[in-house]
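Chemist: My structure is below; once you've seen it, I'll send some questions.
The values are calculated or read from the model by the stated rules, or taken from the named source; none is laboratory data. Model, not experiment: these values are computed from the prediction. Please note: Cβ atoms are built from the backbone with ideal geometry, for glycine as well, and neighbour counts cover all protein chains shown.
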Amino acid sequence: MELGLRGRACIVTGASRGIGAAAARALSAEGASVLLVARDASRLEAVAGECERAATIALDVTRADSGERAMAACRERFGSVDVLVNNAGAMRVRPLQELTDADWREQWELNVMASLRFMRAAAPLMAEQGWGRIVNVSSSSGKRPSTSNVAYAVAKSAQLALSRAYADAYAASGVLVNAIAPGPIESPLWTSAGGLADQSAARKGVDRERALEEARSKIPLGRFGTEDEVAAVIAFLCSERASDVAGAAWSVDGGSVPSIV
Ligand SMILES: NC(=O)c1ccc[n+]([C@@H]2O[C@H](COP(=O)([O-])OP(=O)(O)OC[C@H]3O[C@@H](n4cnc5c(N)ncnc54)[C@H](OP(=O)(O)O)[C@@H]3O)[C@@H](O)[C@H]2O)c1
């Protein structure tokens with residue numbers, strides 16, 4: 001299927017590794033230009049090297065001016081902003097009683113305020129040109145709160161609500177806003193040393209393989225998703241082909257959330 005992304009100018013946050021890096025590669029493979037955003041400049045350069053036409057900007061997305069700075073960089077480098085993927089995120093296993101105000105604020109800033117600021121900067125530009133796509137990377141935890149980190153789950157739910165509000169506000173201008181809700185994905189978030197697999201194992205007092213096995217057993221598909229599987233859904237939602245999809249909260253979770261909406 002031709003996705004019609006050739007020549008589109010895209011911004012992907014959290015593009016230095018994991019799902020964001022895979023999304024950048026997928027958009028690039030479709031002929032799009034991609035501005036990669038994250039904090040680690042050298043990792044961004046490495047991912048850019050895997051893309052046909054890419055630029056990088058090292059930014060902390062929780063800074064108040066990051067959205068504006070990313071839009072300016074994308075327009076300067078590629079001439080417009082056609083696609084935005086709000087993907088940057090982080091999570092640590094932490095029971096409800098241990099969550100501090102700082103933990104709650106961090107998740108709110110990362111998932112809600114950063115997505116808001118990037119959309120607030122991007123959507124009017126897209127509306128002006130009469131075409132745009134925004135994908136907000138939420139989580140299955142946003143649909144069915146997980147106990148691993150309730151601050152993360154609550155912020156991901158709010159990100160879904162924010163995404164829907166932007167979809168309603170901008171659909172008539174040709175700017176289609178959607179969210180995706182991945183389940184457990186084999187990205188560095190889970191698999192890196194000290195990542196969620198190791199953290200879950202330590203909390204449960206089991207070894208890493210046992211913790212992964214427990215997580216897998218909760219997924220109807222029986223396995224974690226891959227970064228590329230999530231990236232394929234992101235690329236489709238960013239594409240010309242998703243022309244009748246707006247306000248969705250698209251599950252990419254191997255069937256984890258037992259819901260029909
Ligand atoms: N993996 C999963 O199982 C899973 C499931 C559901 C939802 N998700 C969501 O999918 C998204 C991507 O997750 P992932 O699994 O790919 O995680 P990951 O491998 O840990 O990658 C996270 C990315 O976000 C960037 N990032 C984090 N904080 C940032 C900040 N303050 N400013 C700029 N960039 C920041 C990181 O780059 P730097 O460190 O270089 O800044 C990195 O590129 C997140 O929103 C996550 O919540 C993941």
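Chemist: Being more than 16 Å from the chain's Cα centre (by Cα), surrounded by fewer than 14 Cβ atoms within 10 Å (Cβ to Cβ) and closer than 22 Å to residue 185 by Cβ narrows it down to one residue among 50, 98, 76; which is it?
Modeler: 50
Chemist: Here's something else I'd like to know. When both residues are 6+ apart or on different chains and their Cβ atoms are under 6 Å apart, which pairs have a first residue that lies in segment 234-261 and is among the aromatic types (Phe, Trp, Tyr), and a second that is not in a helix (DSSP H, G or I)?
Modeler: 250/180
Chemist: If I ask for residues that are closer than 20 Å to residue 63 by Cα and either touching a Gly at 6+ places or on another chain (Cβ under 8 Å) or basic (Lys, Arg) (or both), which ones from segment 18-35 would you list?
Modeler: Of everything in segment 18-35, just one residue is closer than 20 Å to residue 63 by Cα and either touching a Gly at 6+ places or on another chain (Cβ under 8 Å) or basic (Lys, Arg) (or both), namely 20.
Chemist: Can you pull out every residue in segment 131-176 that is assigned to a helix (DSSP H, G or I) and not small (Gly, Ala, Ser)?
Modeler: Hits for segment 131-176 are 143, 150, 152, 154, 156, 159, 160, 162, 164, 166, 168, 170.
Chemist: Output the qualifying pairs, or none if there are none: Cβ atoms under 9 angstrom, residues six or more apart or on different chains, first residue in segment 203-225 and more than 18 Å from residue 147 (Cα to Cα), second residue assigned to a helix (DSSP H, G or I) and among the aromatic types (Phe, Trp, Tyr).
Modeler: As it stands, the answer is 224/190, since those pairs meet every condition given.
Chemist: Residues in segment 168-191 that are in contact (Cβ under 8 Å) with a residue 60 or more places away in the chain, surrounded by fewer than 22 Cβ atoms within 10 Å (Cβ to Cβ) and away from the ligand (no atom under 16 Å from the Cβ): how many?
Modeler: 2
Chemist: Kindly indicate whether any position in segment 44-53 is hydrophobic (A, V, I, L, M, F, W, C) and more than 30 Å from residue 212 (Cα to Cα).
Modeler: Yes, segment 44-53 contains a residue that is hydrophobic (A, V, I, L, M, F, W, C) and more than 30 Å from residue 212 (Cα to Cα).
Chemist: For segment 192-209, name all the residues that are within 16 Å of the ligand (Cβ to nearest atom) and either assigned by TED's automatic domain parsing to the domain that holds residue 18 or of a type in the set (D, E, K, R) (or both).
Modeler: Within segment 192-209, 198, 208 qualify.
Chemist: Taking residue 114 as the residue in question, decide whether it is in the same structural domain as residue 16 (by TED's automatic domain parsing) and within 16 Å of the ligand (Cβ to nearest atom).
Modeler: yes
Chemist: Against the definition (crowded, with 19+ Cβ neighbours inside 10 Å and assigned to a loop (DSSP other than H, G, I, E, B)), how does residue 88 come out, yes or no?
Modeler: Yes, satisfied.
Chemist: Also: Across segment 108-140, which residue is surrounded by the most Cβ atoms within 10 Å (Cβ to Cβ) among those that are hydroxyl-bearing (Ser, Thr, Tyr) and in contact (Cβ under 8 Å) with a residue 60 or more places away in the chain?
Modeler: Within segment 108-140, the match that is surrounded by the most Cβ atoms within 10 Å (Cβ to Cβ) is 138.
Chemist: I need a count of the residues in segment 58-73 that are closer than 23 Å to residue 131 by Cβ and either surrounded by fewer than 14 Cβ atoms within 10 Å (Cβ to Cβ) or touching a helix residue (DSSP H, G or I) at 6+ places or on another chain (Cβ under 8 Å) (or both).
Modeler: Looking only at that region, the number is 4.
Chemist: Would you check if there is a residue in segment 94-116 being part of a helix (DSSP H, G or I) and closer than 19 Å to residue 239 by Cβ?
Modeler: No, that holds for no residue.
Chemist: In segment 178-261, which helices (runs of 4 or more DSSP H) lie fully inside it and hold 1 or more residues that are out of contact with any Leu (no Cβ under 8 Å at 6 or more places or on another chain) and among the hydrophobic types (A, V, I, L, M, F, W, C)?
Modeler: Here the list reads 196-204, 208-217, 227-237.
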